[in-house]
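**Q** Before we start, here is the structure in question, set down as structure tokens.
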Amino acid sequence: MLHPIVKLLVQRIALGLLLLFAASALIFAGTQLLPGDVAQSILGQSATPEALANLRAELGLNDPPVQRYFNWLFSALHGDLGTALSNGEDIAQSLGKRLGNTLFLAACAAAVSVPLALILGIVSVRYRNRWPDRLISAVSLASISIPEFLIAYVLIFYVAVQLRWFPSVAMISDAMTLGQKLSAIALPVAVLTLVVLAHMMRMTRAAILNVMQSAYIETAELKGLAPIRIIARHALPNAIAPIVNVIMLNLAYLVVGVVVIEVVFVYPGMGQYLVDHVAKRDVPVVQACGLIFAAVYIGLNTVADVVSILANPRLRHPK
Amino acid sequence: MSDPNPAIPAPEAPGDEAPLLDIRDLRIEATVHPPGERPRTQQIVKGVSARLRKGRVLGLIGESGAGKSTIGLAALAYGRGGVRISGGQVLLNGRDILRLPARGLRRVRGKEVTYVAQSAAAAFNPAIRLMDQIVESALEHGVASRAEAEARAVSLFEQLGLPDPANFGRRYPHQVSGGQLQRAMTAMALCPEPDLVVFDEPTTALDVTTQIDVLAAIKRAIRATGVGAIYITHDLAVVAQVADDIMVLRHGETVEYGPTAQIIERPRQEYTRALVSVRAIEHPENPPEGAPLLSVRGVSAAYPGVPVDVLSDVSVDLHPGRTLAVVGESGSGKSTLARAIVGLLPPREGEVLFDGRPLPPRLKQRSREDLRQLQMIYQMADTAMNPRQTVRTIIGRPLEFYFGLRGAERDKRVNELLDEIEMGRGFADRYPAELSGGQKQRVCIARALAAKPRLIICDEVTSALDPLVADGILKLLLDLQRIEDVAYLFITHDLATVRAIADSIAVMHRGKVVRYGTKTQVLTPPFDDYTDLLLSSAPEMKLGWLEEVLAHRRMESAGH
């Protein structure tokens, strides 16, 4: 017999795929609703009707929408995202590089912010309602309340312009070493960390405090364990599920929601690429970006679900 | 109340060997927040003293709110939920642990003194394997290496009668039963070889047949390890089996303190005498007369989506103005039977006759008259009442719903009902939070009576109450039965309650009625195996009862 947890996991993952499928349909439908004609925008206002008709036939725009949707989805599954209308480049190729840059930035921000959020959350619980807790709460709330571009400009002014520690423009290229790259993105990473830290830290604190009410925490106290050990060994494992959910939401934000930061620091990531092509009405690029963002979001949330399931001993070790 | 009672003797004269634990004039207080009033400080323990020598067992007994758990936790210098230890000394191995700094205190807790909680199911961490939790104190305090601690744990599992001792620790808490978990908690307390263990109601949450095994296992383990123990319970019959000395507590003060034999056999204080003679209600059995009021015929029922029957082929009768006690362990189907009768769980097979005609199986199909005649009272009076309604609204609701009474007419009837439950009219404008546990249950009884029912189903109505309060409720129910001629279907797991109130008894086990008849028939030998087990497991208020029962069982299993 199959372990019941395998069934649960398969269900979750299947649900994620279904959701992604639905999201792709929405993205496709949404871009179809946009006003204007793709052939017209490629050829310009002065195009002859014959040229327009030829191009429409060539692009398959005369096919029924459902057929076009499945054609697009089928190619996308094979890694072919089409060609950009504005410059004729292969989308998959130029997008791949951009996506790599975005993931690099997100991963660096996550590597700093997630452990920091967990540690600060644990410290807040340990010194609950005392000055370390208050300080952490105040600073993290302030940082989440200030708009991210403002933090970015303040950092650029002091750290990049006055102190000259790091560059103000986060340009990276393949020719750079890892150290050079890290130095280049130090400021955006710092801003992103400040933006996502508070949410994760506060959820860690709240989830652990919730568990600290349990009778087994009293048992641990009566065993004479040190407070930090009680929190880390007895409370944290039972607070994993809510914490992982918030972490994954914030990781998704790091990938999907960093447009402003990329623009401020002129970072060659997905966000800027998307904004550029929305301005140019480049529908295939917008569709491709939407699909990738949806996949990242759904993927990370599925990971959160899977971790929550695996963290539950009742599911992991049935009777 | 506050003057010290000079008649309390200390069981041990000063001057003999230094005691393991010496509690001197312990005072504990808490800040309470009564609804609508300013927070104030309340004394919970008002100057209690006790001494315990190595290897001896002190029983703390009293009603809820007597301060027994609070005193027990003070032996670990721990105040639960905002409780403050405000005065006195707790000398453990000769030094006052109340004066220790946090770090010093951590070296005492889990090493010299350990704790066994009432609900082991809640006290074990669900995310960690049992063995890792059980050896944790021993490792933390450097008492033993992991291998030594685990070997000791396994030998404790064996002593405590746990199945497959070698592998038991590999399981997670949710993978073992409640009784096993309680024994595992005892093993956890004994593993670091402490000098003192505080047992806080370790068997209260268990079924009676499980309780006796756990009690015997705890007693054996205490004797075998020579550890000193404080045993806290509200059940004098239980503590009489394990304690050398007993301290009776009430409202945070010592009522009586002495050797177990003296407390049980020659109690000096009125309150102790009441505790000893509790559940001694004499209720002569009334024989069934005429046609049955309620007739359950061949009822089988299952919960949706569960293939196993929770009730199988249950048939019982209840006559007007009589009491049928349905007794069994948790999971035996007692409450499910009640749900089938009131229409919450339509039977898969069989039917329920009320006053000779079949009741529609589903609640929705029943007329208002059917509903009126059949009322219910629940175990948790707390949750059975809307906390935002006054007693007047709670009792008045069925008067409005069934009889259309309004205004002064309704209030008059509410007052009559309050008189009937011996509470007085002053309670009409109170909220449930302002009532004691017993008073809450009385209000629930009044609400059921307000419908003028012919049958009341009482589902464990006294289980959550202290013995003396429970006695009062049972007496009230018997009086009301005489006045109102109402029949009771009385669901309980407690045999003393059954003896006190029943005219006939149905013993249930795994969804079946295994024994059914008048009280005399059911309680007279020869018994079937299960009834024998159930009856012999109910603690009796006498010394050596536990050993007698265990010896009796050993002889039986040896083939006598």
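**Q** Among the residues of the range B:311-354 satisfying the criterion of being of a type in the set (D, E, K, R), more than 22 Å from B:Val486 (Cβ to Cβ) and part of a loop (DSSP other than H, G, I, E, B), which is modelled with the highest pLDDT?
**A** Among them, the one singled out is B:Arg348.
**Q** Taking the residues in the range B:459-473 that are more than 18 Å from B:Glu420 (Cα to Cα) and over 12 Å from the mean Cα position of the chain (by Cα) as candidates, determine which candidate is modelled with the highest pLDDT.
**A** Applying the filter and picking the extreme gives B:Asp459.
**Q** B:Arg372 - would you say it is of a type in the set (Lys, Arg), buried (at least 16 other Cβ atoms within 10 Å of the Cβ) and in the same structural domain as B:Gly437 (by TED's automatic domain parsing)? Full working, then the answer.
**A** Working: of a type in the set (Lys, Arg): yes; buried (at least 16 other Cβ atoms within 10 Å of the Cβ): yes; in the same structural domain as B:Gly437 (by TED's automatic domain parsing): yes.
So B:Arg372 fits the description; yes.
**Q** Among the residues of the range B:25-42, is any surrounded by 15 or more Cβ atoms within 10 Å (Cβ to Cβ) and within 13 Å of chain A (Cβ to nearest Cβ)?
**A** No, the range B:25-42 contains no residue that is surrounded by 15 or more Cβ atoms within 10 Å (Cβ to Cβ) and within 13 Å of chain A (Cβ to nearest Cβ).
**Q** Hey, another quick one. Can you tell me which residue in the range A:106-124 is surrounded by the fewest Cβ atoms within 10 Å (Cβ to Cβ), limited to those that are under 11 Å from A:Met200 (Cα atoms) and not hydrophobic (A, V, I, L, M, F, W, C)?
**A** The residue in question is A:Pro115.
Quick grid of which residues meet (1) away from every other protein chain (no Cβ under 13 Å); (2) β-branched (Val, Ile, Thr); (3) surrounded by fewer than 21 Cβ atoms within 10 Å (Cβ to Cβ):
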site: A:Val159; (1), (2), (3): yes, yes, yes
site: A:Trp165; (1), (2), (3): yes, no, yes
site: A:Val169; (1), (2), (3): yes, yes, yes
site: A:Ala226; (1), (2), (3): no, no, yes
site: A:Asn245; (1), (2), (3): yes, no, yes
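**Q** Moving on. Would you confirm whether or not the range A:277-290 contains a residue that is touching a strand residue (DSSP E or B) at 6+ places or on another chain (Cβ under 8 Å) and either crowded, with 20+ Cβ neighbours inside 10 Å or closer than 18 Å to A:Leu85 by Cβ (or both)?
**A** The answer is yes; a qualifying residue exists.
**Q** Further question on the same structure: Looking at the range B:206-300, what helices (runs of 4 or more DSSP H) fall wholly within it and have at least 2 residues that are outside the structural domain of B:Gly517 (by TED's automatic domain parsing), surrounded by 22 or more Cβ atoms within 10 Å (Cβ to Cβ) and of a type in the set (Gly, Ala, Ser)? Write out each step before concluding.
**A** On the way: elements: B:208-225, B:236-242, B:260-265, B:270-276.
In the range B:206-300, there are no helices (runs of 4 or more DSSP H) which contain 2 or more residues that are outside the structural domain of B:Gly517 (by TED's automatic domain parsing), surrounded by 22 or more Cβ atoms within 10 Å (Cβ to Cβ) and of a type in the set (Gly, Ala, Ser).
**Q** Confirm whether A:Ala241 is more than 10 Å from chain B (Cβ to nearest Cβ), under 24 Å from the mean Cα position of the chain (by Cα) and without any contact (Cβ under 8 Å) to a residue 60 or more places away in the chain.
**A** On the way: more than 10 Å from chain B (Cβ to nearest Cβ): yes; under 24 Å from the mean Cα position of the chain (by Cα): yes; without any contact (Cβ under 8 Å) to a residue 60 or more places away in the chain: no.
It is false that A:Ala241 is more than 10 Å from chain B (Cβ to nearest Cβ), under 24 Å from the mean Cα position of the chain (by Cα) and without any contact (Cβ under 8 Å) to a residue 60 or more places away in the chain.
**Q** Right, next: Looking only at the range B:43-75, how many residues end up being surrounded by fewer than 23 Cβ atoms within 10 Å (Cβ to Cβ), among the hydroxyl-bearing types (Ser, Thr, Tyr) and either out of contact with any helix residue (DSSP H, G or I) (no Cβ under 8 Å at 6 or more places or on another chain) or over 15 Å from B:Gln118 (Cβ atoms) (or both)?
**A** Qualifying residue count for the region: 2.
Every residue, every condition in (1) away from chain A (no Cβ under 14 Å); (2) assigned to a loop (DSSP other than H, G, I, E, B), yes or no:
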{"position": "B:Asp132", "(1), (2)": "no, no"}
{"position": "B:Ser137", "(1), (2)": "no, no"}
{"position": "B:Gly142", "(1), (2)": "no, yes"}
{"position": "B:Glu148", "(1), (2)": "yes, no"}
{"position": "B:Phe157", "(1), (2)": "yes, no"}
{"position": "B:Leu162", "(1), (2)": "yes, yes"}
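**Q** Which of the residues belonging to the range A:112-121 are of a type in the set (A, V, I, L, M) and closer than 15 Å to A:Val244 by Cβ? Spell out how you get there, then give the answer.
**A** Within the range A:112-121, the first condition is being of a type in the set (A, V, I, L, M), and the residues that meet it are A:112, A:114, A:116-120.
A:Val114, A:Ala117, A:Leu118 - these are the residues of the range A:112-121 that are of a type in the set (A, V, I, L, M) and closer than 15 Å to A:Val244 by Cβ.
**Q** Step by step: first the residues of the range B:79-103, then only those that are in contact (Cβ under 8 Å) with a residue 60 or more places away in the chain and either part of a strand (DSSP E or B) or among the basic types (Lys, Arg) (or both), then the one that is nearest to the other protein chains (Cβ to nearest Cβ). Which residue is that?
**A** From the range B:79-103, those in contact (Cβ under 8 Å) with a residue 60 or more places away in the chain are B:87-94; that's our starting set.
From the residues that got through so far, the ones that are either part of a strand (DSSP E or B) or among the basic types (Lys, Arg) (or both) too are B:87-92.
Values: B:Gly87: 22, B:Gly88: 20, B:Gln89: 20, B:Val90: 14, B:Leu91: 18, B:Leu92: 13 Å.
Among them, the one singled out is B:Leu92.
**Q** Could I ask something else about it? Looking for whichever is among the basic types (Lys, Arg), touching a residue at least 40 places away in the same chain (Cβ under 8 Å) and more than 29 Å from B:Asp235 (Cβ to Cβ) here; the options are B:Lys111, B:Lys68, B:Lys46, B:Lys54. Which one fits? Show your work before the answer.
**A** Working: B:Lys68 fails: more than 29 Å from B:Asp235 (Cβ to Cβ); B:Lys46 fails: more than 29 Å from B:Asp235 (Cβ to Cβ); B:Lys54 fails: more than 29 Å from B:Asp235 (Cβ to Cβ).
Only one candidate passes the filter, namely B:Lys111.
**Q** Additional query: Does the range B:170-187 contain any residue that is away from chain A (no Cβ under 13 Å), of a type in the set (A, V, I, L, M, F, W, C) and within 30 Å of B:Gly62 (Cβ to Cβ)?
**A** Yes: the range B:170-187 contains one or more residues that are away from chain A (no Cβ under 13 Å), of a type in the set (A, V, I, L, M, F, W, C) and within 30 Å of B:Gly62 (Cβ to Cβ).
**Q** Further, regarding this structure: Can you name the residue in the range B:152-167 that is modelled with pLDDT of 90 or more and in contact with a Pro (Cβ under 8 Å, 6 or more places away or on another chain) and is also farthest from B:Gln133 (Cα to Cα) among such residues?
**A** This residue is B:Ser155.
**Q** Additional query: Among the candidates B:Ala280, B:Ala301, B:Ala261, B:Ala291, single out the residue that is modelled with pLDDT under 85 and on the phi < 0 side of the Ramachandran plot.
**A** Step by step, each of B:Ala280, B:Ala301, B:Ala261, B:Ala291 is checked, and only B:Ala280 is modelled with pLDDT under 85 and on the phi < 0 side of the Ramachandran plot.
**Q** Based on this model, can you work out whether A:Ala252 counts as among the small types (Gly, Ala, Ser), touching a residue at least 40 places away in the same chain (Cβ under 8 Å) and at the interface with chain B (Cβ under 10 Å from one of its Cβ atoms)? Please lay out each step first, then the result.
**A** Values: among the small types (Gly, Ala, Ser): yes; touching a residue at least 40 places away in the same chain (Cβ under 8 Å): yes; at the interface with chain B (Cβ under 10 Å from one of its Cβ atoms): no.
Against the criterion (among the small types (Gly, Ala, Ser), touching a residue at least 40 places away in the same chain (Cβ under 8 Å) and at the interface with chain B (Cβ under 10 Å from one of its Cβ atoms)), A:Ala252 does not qualify.
**Q** Continuing with the same structure: Given the conditions (1) free of Cβ contacts under 8 Å to residues at least 40 places away in the same chain; (2) among the charged types (D, E, K, R); (3) touching a Pro at 6+ places or on another chain (Cβ under 6 Å), which single one is not true for B:Glu37?
**A** (3)
**Q** On the basis of being at pLDDT 90 or above, part of a loop (DSSP other than H, G, I, E, B) and in contact with a strand residue (DSSP E or B) (Cβ under 9 Å, 6 or more places away or on another chain), does B:Leu60 make the cut?
**A** Working: at pLDDT 90 or above: yes; part of a loop (DSSP other than H, G, I, E, B): no; in contact with a strand residue (DSSP E or B) (Cβ under 9 Å, 6 or more places away or on another chain): yes.
Against the criterion (at pLDDT 90 or above, part of a loop (DSSP other than H, G, I, E, B) and in contact with a strand residue (DSSP E or B) (Cβ under 9 Å, 6 or more places away or on another chain)), B:Leu60 does not qualify.
**Q** Can I ask one more? Given A:Ala220, A:Ala235, A:Ala215, which one is within 10 Å of chain B (Cβ to nearest Cβ), over 16 Å from the mean Cα position of the chain (by Cα), closer than 15 Å to A:Leu118 by Cα and of a type in the set (A, V, I, L, M)?
**A** A:Ala235
**Q** Sort out for me the helices (runs of 4 or more DSSP H) sitting completely within the range A:205-319 that have 2 or more residues that are within 30 Å of A:Lys181 (Cβ to Cβ) and at pLDDT 90 or above. Break it down into steps so the answer makes sense when it comes.
**A** Numbers: elements: A:215-222, A:240-256, A:259-264, A:270-279, A:283-311, A:313-316.
The helices (runs of 4 or more DSSP H) meeting that bar are A:240-256, A:283-311.
**Q** Still on this model: State which residue pairs qualify: first residue facing another protein chain (nearest Cβ under 7 Å) and crowded, with 24+ Cβ neighbours inside 10 Å and inside the range B:119-130, second residue hydroxyl-bearing (Ser, Thr, Tyr) and part of a helix (DSSP H, G or I) in any location, beta carbons under 8 Å apart, and separation of 6 or more residues or different chains.
**A** Cβ pairs passing all conditions: B:Ala123/A:Tyr216; B:Ala123/A:Thr219; B:Phe124/A:Tyr216; B:Phe124/A:Thr219; B:Asn125/A:Tyr216; B:Asn125/A:Thr219.
The values are calculated or read from the model by the stated rules, or taken from the named source; none is laboratory data. Small disclaimer: the values here were computed from a predicted structure and weren't measured. A quick note on method: Cβ atoms are made from the backbone with ideal geometry, for glycine too, and the neighbour counts reach across all protein chains shown.
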